[in-house]
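For reference, the structure is listed below as structure tokens.
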Amino acid sequence: MNDYSFTLPALIGLSPPAMRPRDQHKQAALIEATLHQVTEHGFGASSVARIARRAGISPGTVYIYYCDKETLLEAAFLHVSDRLIETALTAFDPRPGLREALGAVWRAMFALALEQPRLFRFHEQFTHSSRMNPALQERNEARLAPVLEAIEQGQREGRIKPVGLELIEAFLLRPIHSLVHGHSCRPFTPTPEAIDSAFAMTWDAIALHPTTPLDQSDS
């Protein structure tokens, strides 16, 4: 603004109006409503109006927080990603050894999937959609660096199979989604023994030298 620039509030002696503060409760409600709508109805049917109605606010209020539906969906994905990553990092402790460290992460993620399955469903839907992009993936991998670096170190030491991260992820984390969300005639009962067995099989899938040797009695 220069000396010859004036606004109406200044001319009549009023202070300019303050920007409307954002309500964190409304923002959280929008994220939760987005997760519900997408996991129940899919991306296409989850309009801004339906999300706003689920959140209990007017559609116009959505645009105070997000410029459009795509921005809202990405914000929901980042919220979910951060929750999953924080759970993994909190559980991760490399001191007892790699198998024990990854086991703690796996069990923590499994417990979260049981408690809040919608987080995992939304994450699965988003990462398998055209909305997923390299920038989001790089952002999440940077946050998960301590775990990923431990896996890479395990590969260099000959403890983890020398395969791409996408295969490690598929055999380390995808079984959680399958066990919690799987629809089959034999649903998984998450007893402590069953969870231990599930992780043992997960570890054997990624370890270069599985802890349980194959039975050679038939050979």
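The values are calculated or read from the model by the stated rules, or taken from the named source; none is laboratory data. Predicted, not measured: the structure shown is a model, and the values here were computed from it. The protein model used for the area step is the full one, side chains on, heavy atoms only, and it has no ligands, DNA or RNA in it. Shrake-Rupley method; radii C 1.70, N 1.55, O 1.52, S 1.80 Å.
A few points about this structure:
- Spherically averaged projected area of the convex hull of Cα atoms, segment 77-117: 2.8 nm².
- In this structure, the amide hydrogen of residue 160, modeled 1.01 Å from its nitrogen in the peptide plane, lies closer than 5 angstrom to those of 155, 208, counting only residues at least 5 positions away or on a different chain.
- Two numbers describe the Cα atoms of segment 75-219: Rg and Dmax, which are 15.8, 54 Å.
- A simple rule links phi to the HN-Hα coupling: the Karplus curve 6.51 cos²θ - 1.76 cosθ + 1.60 with θ = phi - 60°, which for segment 118-127 gives 5, 4, 6, 5, 5, 4, 5, 5, 5, 5 Hz, with x for Gly and Pro.
- Largest-first ordering by accessible area, 1.4 Å probe, given options 129, 46, 58: 58, 129, 46
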